[in-house]
């Protein structure tokens with residue numbers, strides 16, 4: 001059994017194969033059979049994405065709380081289908097921490113998402129441990145252990161990986177497997193697991209991890225662009241996104257954002273004009289001139305009905321600043337009392353909507369959020385309760401100063 005020399009908190013987690021990640025189908029099938037009967041599996045990945053559109057999977061770490069292994073997906077002839085089947089086993093909960101990028105990787109490789117899942121970063125929001133809390137901070141908070149981060153900037157695509165690098169990677173599932181039962185029990189005891197249903201619905205939706213080329217233009221920071229230029233930008237951005245996906249390279253490796261915006265605004269008609277486009281690859285002799293000209297010509301032939309409709313911003317009266325401040329205080333009071341992250345209840349936009357409309361279509365006015373915050377906020381708006389300070393703490397009082405909550 002191999003362990004960090006200074007680490008006494010691994011317990012009896014077996015990392016005997018840590019120095020030798022799984023690279024053969026025989027070894028992989030053996031451990032997968034052991035995992036088939038697990039109630040849960042802690043999952044993590046190491047990857048690179050600086051040179052690719054999709055993350056390049058370099059290592060898969062798995063632990064059932066007893067055995068922790070690393071699988072080398074870059075090993076020649078290694079068939080990962082047993083891993084994909086394990087991730088799709090509906091009887092085994094797959095536990096991640098901040099698993100969005102892991103989920104994106106698996107969706108790309110499996111064409112499906114792991115199911116069912118549990119994310120300790122999401123769960124931490126209702127455990128009083130903060131919003132988007134980091135893994136090392138969570139481990140320190142619940143297990144009183146400091147994670148070794150000296151290998152954080154490893155190039156995981158290089159082989160061989162050292163024993164230290166593998167042990168570093170395994171830490172991300174060894175302690176995750178310890179966190180999961182603690183957090184699960186905590187939320188079960190407080191009957192709060194259903195509070196995360198909306199967050200998990202987003203995590204389980206493939207659209208969360210994919211970009212529709214036709215919506216790619218929305219990621220560009222553009223203001224006050226004319227409808228004709230915006231239409232060109234919409235088509236150029238869709239073309240670039242498809243190119244990046246098909247060639248598996250970062251979108252800015254196809255063409256940079258500012259260059260795309262410049263093209264949409266200037267609409268070059270002749271080849272020589274591309275010499276004047278900022279950072280255009282190759283200028284007028286670049287290989288992208290032809291496909292871009294084709295796009296611009298296609299857009300020029302579109303009917304005027306294709307032009308995007310300018311957003312009409314109805315000037316709405318902003319709620320009084322004092323009302324917003326009071327709602328923020330109530331939100332802080334509620335989230336401190338229940339030990340949850342404010343973002344899980346309401347955003348600033350939600351508070352503004354609530355301040356202006358008792359029936360605003362926000363989640364703070366439905367379900368459990370309304371029970372602990374929404375109704376309280378509405379009562380405050382209508383003068384049925386007031387805020388006061390007692391012993392340095394905010395308390396809620398009725399108009400007759402009868403304390404009802406502290």
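Nearest 0.05, what FRET efficiency do residue 85 and residue 223 give at R0 = 45 Å with Cβ-Cβ as r?
About 0.40, to the nearest 0.05.
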- Query: So for the pair residue 348, residue 215, with labels modelled 7 Å out along Cα→Cβ, what separation do we get in nm?
  - Reply: 2.4
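Taking the alpha carbon gyration tensor of segment 33-167, what are the square roots of 5 times its eigenvalues, largest first, to the nearest whole Å? Could you put the intermediate results ahead of the total?
Values: eigenvalues 104, 78, 48 Å².
They are 23, 20, 16 Å, listed largest first.
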- Quick one: Kirkwood hydrodynamic radius for segment 321-405, alpha-carbon pairs, angstrom, one decimal? 12.9
- Label-point separation, residue 108 to residue 137 (7 Å along Cα→Cβ), nm: 2.7
- Query: Taking segment 80-229, how much of its Cα-Cα pair set, in percent, is spaced more than 20 angstrom apart?
  - Reply: 60
- Task: Once you have the Kirkwood Rh of segment 251-347 from its Cα pairs, apply Stokes-Einstein at 10 °C and 1.306 mPa s and quote D in µm²/s.
- Result: 87
- Message: Can you compute the helix-only [θ] at 222 nm over the chain? Use -39500 (n - 2.57) per DSSP H run of at least 4 residues, normalise by all residues, nearest 500 deg cm²/dmol.
- Response: -12000 deg cm²/dmol
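Can you order the peptides 137-148, 164-175, 25-36 by their average number of other Cβ atoms within 10 Å per residue, highest first? Working shown, then result.
Numbers: 137-148: 16.0, 164-175: 23.4, 25-36: 14.3.
Ranked by mean Cβ neighbours within 10 Å, highest first: 164-175, 137-148, 25-36.
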- Between residue 382 and residue 205, what is the label-to-label distance in nm when each label sits 7 Å out along the Cα-to-Cβ direction? 3.2
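Show me 244-255, 194-205 ranked by packing, highest mean number of other Cβ atoms within 10 Å first. Walk me through the numbers before you get to the answer.
Numbers: 244-255: 16.0, 194-205: 14.1.
Output ranking for 244-255, 194-205: 244-255, 194-205.
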- Message: Kirkwood hydrodynamic radius, the chain, all distinct C-alpha pairs: what's the number in Å?
- Response: 25.2
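How would you order 115-128, 88-101 from highest to lowest mean count of nearby Cβ atoms within 10 Å? Before the final figure, lay out each step's value.
Values: 115-128: 20.7, 88-101: 18.3.
Sorting 115-128, 88-101 by mean packing, highest first, produces 115-128, 88-101.
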- Using R₀ = 51 Å, calculate the FRET efficiency as 1/(1 + (r/R₀)^6) where r is the Cβ-Cβ separation of residue 48 and residue 393; round to 0.05. 0.60
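What does the C-alpha gyration tensor say about the overall shape of segment 144-231? Classify as rounded when a/c is under 1.5, otherwise prolate if a/b is larger than b/c, or oblate.
Details: a/c = 3.28, a/b = 1.41, b/c = 2.33.
Cα axes put segment 144-231 in the oblate bin.
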- Residues of segment 152-178 with amide nitrogen under 18 Å from the 7 Å Cα-to-Cβ point of residue 144? 175, 178
- Item | Mean Cα-pair separation over length for segment 25-209, i.e. relative contact order, pairs under 8 Å, 6 or more apart, % | 24
- With a bin width of 10 angstrom, please list the P(r) values of segment 213-306 as percents of all Cα-Cα pairs, from the 0 bin to the one holding the largest distance. 17, 54, 28, 1
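Bear in mind that the values in this text are calculations on the coordinates, not laboratory data. Predicted model only: the values in this text are computed from it and were never measured. A quick note on method: Cβ atoms are made from the backbone with ideal geometry, for glycine too, and the neighbour counts reach across all protein chains shown.
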